[in-house]
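Asker: Below is a structure I'd like to ask you about.
The values are calculated or read from the model by the stated rules, or taken from the named source; none is laboratory data. All values reported here derive from a predicted model rather than from experimental measurement. Here the Cβ positions follow ideal geometry from the backbone for every residue, glycine too, while neighbour counts run over all protein chains shown. Quick note on the areas: whole protein, heavy atoms, side chains included, nothing else; ligands and nucleic acids left out. Shrake-Rupley method; radii C 1.70, N 1.55, O 1.52, S 1.80 Å.
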Amino acid sequence: MDDSITLARPYAQAAYRQAEREGAVDAWSAGLELLAAVTGNPDLAGLLADPRVPADRVTELVLDVCGDALSATMANFVRVLGEGRRLGAGPEIARQYETERRRRAGRSAVEVVSAYALDAAQARMLAAAIGRRLGRELTLTTSVDESLIGGVVIRIGDSVIDASLAGRLRELAHDLV
């Protein structure tokens, strides 16, 4: 698993719990989206990673850029991230927050990568089959990767189902070695 996901998940879950307590799940979603845009800016990324720049100065810069768009609680959340030098995880925290939000709403985001473009009927059929298996509604996104040769790779949260021809060829090569 990617380290940024591991690092961001507890912060995203804490943010979601706080948002539920406040009854402000949508506002936190918007605030974290703004935080992701600010901290994901390439010009700011170098500053966030520079240990010579005091954490409180970077935090205040981020808060200044966000302006009044963040509630007092969200601003405190940003300060906690800043103190721990975790502001660079802002984009992943926002993604994990949305994942938690969908999970709590009984929805899952599913990414399907196929060797060839799926038509609307194929995408609906695949979404229905996966939805039945998971017992929840899905938000399906599709993309094409011709290097798969055939088949699909399905990503559901941290799980990956590789049903591609390229994946099976890799397994076969591994088994033969």
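Asker: Of all DSSP beta bridges located in the chain, what percent are antiparallel, nearest 5?
Answerer: 60
Asker: Using a 1.4 Å probe on the protein chains only, how many percent of the accessible area of the chain belongs to carbon and sulfur?
Answerer: 53
Asker: Tell me, what HN-Hα J-couplings in whole Hz come from the Karplus equation 6.51 cos²θ - 1.76 cosθ + 1.60 at θ = phi - 60° for each residue of the range 148-165, using x for Gly and Pro?
Answerer: Those phi angles translate into 6, 6, x, x, 9, 10, 10, 10, 10, x, 8, 8, 10, 10, 9, 10, 9, 5 Hz.
Asker: How large is ³J(HN,Hα) for each residue in the range 93-98, as worked out from phi by the Karplus curve 6.51 cos²θ - 1.76 cosθ + 1.60 (θ = phi - 60°), to whole Hz, x for Gly and Pro?
Answerer: Each residue of the range 93-98 in turn: 4, 4, 4, 5, 4, 5 Hz.
Asker: Please list, in order along the range 131-145, the HN-Hα scalar couplings obtained from phi with the Karplus expression 6.51 cos²θ - 1.76 cosθ + 1.60 (θ = phi - 60°), rounded to whole Hz, x for Gly and Pro.
Answerer: Karplus-based 3J(HN,Hα) across the range 131-145 equals x, 4, 5, 7, x, 8, 6, 10, 10, 9, 10, 10, 8, 10, 9 Hz.
Asker: How large is the accessible surface per residue of the range 1-118, computed with a 1.4 Å probe and reported in Å² as a whole number?
Answerer: 53
Asker: Kindly state, to the nearest 0.05, the FRET efficiency for ARG103 paired with SER143, given R0 = 22 Å and r defined as their beta-carbon distance.
Answerer: The formula returns an efficiency of 0.50 here.
Asker: Related question: Using only Cα atoms and rounding to the nearest 10 degrees, what angle (0 to 90) does helix 55-66 make with the longest principal axis of the chain?
Answerer: Roughly 80 degrees, rounded to the nearest 10.
Asker: With Rg/Rh (Cα atoms, Kirkwood Rh) as the read-out, I listed (i) 0.97; (ii) 1.07; (iii) 1.28; which label goes with the value calculated from this structure?
Answerer: So the structure-derived entry is (ii).
Asker: Which value, in debye to the nearest 20, gives the size of the charge dipole of the range 57-171 about its Cα centre, when Lys and Arg are +1 and Asp and Glu are -1 at the Cβ?
Answerer: 460
Asker: Oh, and also: For VAL53 and VAL65, compute 0.36 nm times the residue count separating them, minus their Cα-Cα distance, and round to one decimal in nm.
Answerer: 2.6 nm
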